[in-house]
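Written below as structure tokens is the structure these notes are about.
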Amino acid sequence: MLFLFTLVSQISIAQKPVVALTSDKKELGVNEHLSFTITANVEGSMKIDFPVEFEVDLNVMHGMEQKMDPSGKIKTYYYMQQTGAFKKEGTYSFYAYTTFRNKVYRSNKITIKVTEASEEDNKVNSNDPVFGFIQCKKTSVYEGEPILLKAKVFSYINIEYLEGYSDFKADISMEEHSFPNGRVEVEQTRVNGKDALAFEYGKQLLIPVGTGKCHIKPFEMALRCHGSLFSKTMRFRSSGLYINIKPLPGNAPKDFIGAVGEYRLSQKSPTKEIKEGEVFTLELVIAGVGNLHNSNAPKLKLPKGCSIYGDPERIEDIEFTESGAEGMITYRFNIQVLEDHDLAFSAPSISYFDPEKEKYITIKGNSFNIHVLPDKSFNPVVLTDPASGTHTDMVDLKTQKTATSETKTKSSSKSKLWVGIVAPTSLLGLLFVFLAVRKRKKKETGKIELSETDELPRTPVFLNETKAEIPVETIDYWKDAEKHVEDPSIFAILLPKAIIQRIEQCEKCNFQSREKAFDRLLDTNPEIAKGLREIIEMCDQYRYGFGTEHLETEKILAHAENLLSQLPS
């Protein structure tokens, strides 16, 4: 009886290592992300033997879960999760390995089929636990017309927080402008007769700079969701989107500035009286929304007797909004009066293309007159025909001094004399002078002695250059979090960064990710690591709106300070 009891107890205590490899997809397209998870009932180093065609993401997530087996016993499982994408189509089979007590244990074999993406990949199955699609108001736009894209996500499972997201990508030339994601607003809805959660994410503005059929590739997202017993990561790929980008009509007016959208023109009229030869400024302001930043300067129609002095000054006040590039551009034209008679300027005009009305719109400023006072000291630019054999007067616009250059007309005999006799003699004289000067410089250089304290610079030295090291200003996220205690939305972003920064300072290491920082902390201070992770998850849940409606910022900050103070400095 004693022998049987000892044997049974040893069998119950002994635990055979088990390693399992799973993935969230078995078939997928090229460059489509998926996640692999190694789960083992023993704690050891884990590794997945990926094929060379698989590109692994930088982030690796480690964790531990406890589950109850059918007999009611609690068992501990360790897992490691890696994500990435296959860069080539094919069928791939491979294993994972766990090293425990100097022994290597192999997992089950997993097989993944990778195919080229097709238009069928753009469809979404609304019966999946989590799915999404790309929102866009128009699927046919003109070149230069801004496009706003949003990620719309639906989930039949309760969401804890968002783990990863990839932006929209277009297959033709596009300007891309992403907007920072604020607090996510989750709403209750019904899909296919079932209750679901829905939210928007990843607003992105695209401005096409070409024409043709544009494919917006699906976005990808990973959500941490509630499972039957434990939380799990749900990674999914949305539907794709095709947008037809049309060229602008060919009947553009001559004063078209390349702007697409909706605009207005204002004008600051110059002084009404000016002296001959002086310069006055005409100011035009173009305001509106569209592709304003890519527009050209207006073209002025000047009356006879004046000219534009230099290029116009361009002053931009533009920001990118959900409607496009919005703001205004101020152009300042400097115009010089060249003749002593009054000038009548026609109204300046610009044309732009309105994509809603689908036609070119011309808008005008105001016409104005300039009374010119004569100035006898001013010498205008007079260009004469060089073939007449006279002279050309040129005016320096800054000093208003006249320089006269005579046009030399020589007979054919004098030209031959120059080419045959004078030119060779002059060349020999110049060569002699050059050699003499060069010899003299060499003698002078040999007499120059450098003092022992003088050092020649090894690299070019520029004016106002300093050799002092430029101090690098480090952001103190903890102080920033303390300043924003009254604003939970900003506090929820700053506090997790502050906690990781404090851990890095204590460990004297730059971890570059939350998971690496907590992996290190779990080895040395597991209880503190657990408490800090709970604080970060609470901030994430508030930030993304997944379950937490109120954040007690002062209480959380004090709790975090207490935990961090227990770490060795």
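The values are calculated or read from the model by the stated rules, or taken from the named source; none is laboratory data. Everything numeric in this text was worked out from a predicted model, so none of it was measured. Here Cβ is always computed from backbone atoms with ideal geometry, including for glycine, and neighbour counts include all displayed protein chains. Remember, those area values only see protein heavy atoms, side chains included, never the ligands or the DNA or RNA. Shrake-Rupley method; radii C 1.70, N 1.55, O 1.52, S 1.80 Å.
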Check residue 8 against each of (1) surrounded by 11 or more Cβ atoms within 10 Å (Cβ to Cβ); (2) over 28 Å from residue 239 (Cβ atoms); (3) of a type in the set (A, V, I, L, M); (4) modelled with pLDDT under 80 and name the one condition it does not meet.
(1)
For a quick check of your reading of the model, give me the residue pairs whose first member lies in the stretch 231-254 and is touching a residue at least 12 places away in the same chain (Cβ under 8 Å), whose second is of a type in the set (Lys, Arg) and surrounded by fewer than 17 Cβ atoms within 10 Å (Cβ to Cβ), with beta-carbon atoms closer than 7 Å and at least 6 apart or on different chains.
239/123; 242/213; 244/213
Among the residues of the stretch 490-521, write down those that are at pLDDT 80 or above and open to solvent by 10 Å² or more (accessible area, probe 1.4 Å).
490, 493, 494, 497, 500, 501, 502, 504, 505, 506
Working only within the stretch 246-273, note down all residues that are within 30 Å of the chain's Cα centre (by Cα), among the aliphatic types (A, V, I, L, M) and assigned to a loop (DSSP other than H, G, I, E, B).
248
In the stretch 543-566, anything at pLDDT 85 or above and open to solvent by less than 40 Å² (accessible area, probe 1.4 Å) is listed as 553, 556, 557, 560, 563, 564
Name the residue that is least open to solvent (accessible area, probe 1.4 Å), counting only residues in the stretch 522-542 that are touching a residue at least 12 places away in the same chain (Cβ under 8 Å) and charged (D, E, K, R).
540
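Check 148, 162 and return the single one that is open to solvent by less than 50 Å² (accessible area, probe 1.4 Å), under 27 Å from residue 358 (Cα atoms) and either aliphatic (A, V, I, L, M) or not in a strand (DSSP E or B) (or both).
On the way: 162 fails: under 27 Å from residue 358 (Cα atoms).
Result: 148 is the single residue among 148, 162 that is open to solvent by less than 50 Å² (accessible area, probe 1.4 Å), under 27 Å from residue 358 (Cα atoms) and either aliphatic (A, V, I, L, M) or not in a strand (DSSP E or B) (or both).
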Go through the residues of the stretch 293-301 one by one and say whether even a single one is at pLDDT 90 or above, touching a strand residue (DSSP E or B) at 6+ places or on another chain (Cβ under 7 Å), assigned to a loop (DSSP other than H, G, I, E, B) and farther than 30 Å from residue 205 by Cβ.
yes
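Hand me the list of strands (runs of 3 or more DSSP E) wholly inside the stretch 315-361 holding 2 or more residues that are closer than 13 Å to residue 292 by Cβ and touching a residue at least 12 places away in the same chain (Cβ under 8 Å). Before the answer, list the steps.
Values: elements: 324-337, 343-345, 349-354.
Hits in the stretch 315-361: 324-337, 349-354.
Where residues in the stretch 302-314 are assigned to a strand (DSSP E or B) and touching a residue at least 24 places away in the same chain (Cβ under 8 Å), which of them is nearest to the chain's Cα centre (by Cα)?
Among residues in the stretch 302-314 that are assigned to a strand (DSSP E or B) and touching a residue at least 24 places away in the same chain (Cβ under 8 Å), the one nearest to the chain's Cα centre (by Cα) is 308.
Of 58, 34, which residue is surrounded by fewer than 16 Cβ atoms within 10 Å (Cβ to Cβ), within 33 Å of the chain's Cα centre (by Cα) and either assigned to a strand (DSSP E or B) or modelled with pLDDT of 85 or more (or both)?
Numbers: 34 fails: surrounded by fewer than 16 Cβ atoms within 10 Å (Cβ to Cβ).
58 is the lone residue from the list that is surrounded by fewer than 16 Cβ atoms within 10 Å (Cβ to Cβ), within 33 Å of the chain's Cα centre (by Cα) and either assigned to a strand (DSSP E or B) or modelled with pLDDT of 85 or more (or both).
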Residues located in the stretch 163-190, provided they are among the aliphatic types (A, V, I, L, M), at pLDDT below 80 and closer than 20 Å to residue 490 by Cβ
184
Mind checking whether some residue in the stretch 194-208 is over 22 Å from residue 293 (Cα atoms) and surrounded by fewer than 16 Cβ atoms within 10 Å (Cβ to Cβ)?
yes
Identify all residues within the stretch 61-101 that are hydroxyl-bearing (Ser, Thr, Tyr) and without any contact (Cβ under 8 Å) to a residue 60 or more places away in the chain; write none if there are none.
71, 76, 77, 78, 79, 91, 92, 93, 99
If you go through the stretch 223-245 one residue at a time, do you hit one that is outside any loop (DSSP other than H, G, I, E, B), open to solvent by less than 70 Å² (accessible area, probe 1.4 Å), closer than 19 Å to residue 355 by Cα and β-branched (Val, Ile, Thr)?
yes
Would you mind stating whether residue 215 is under 21 Å from residue 492 (Cβ atoms) and in contact with a strand residue (DSSP E or B) (Cβ under 9 Å, 6 or more places away or on another chain)?
no
Taking only the stretch 182-222 into account, find how many residues are outside any loop (DSSP other than H, G, I, E, B), under 20 Å from the mean Cα position of the chain (by Cα) and among the β-branched types (Val, Ile, Thr).
2
Assess whether residue 125 counts as being open to solvent by 60 Å² or more (accessible area, probe 1.4 Å), part of a loop (DSSP other than H, G, I, E, B) and modelled with pLDDT of 90 or more.
no
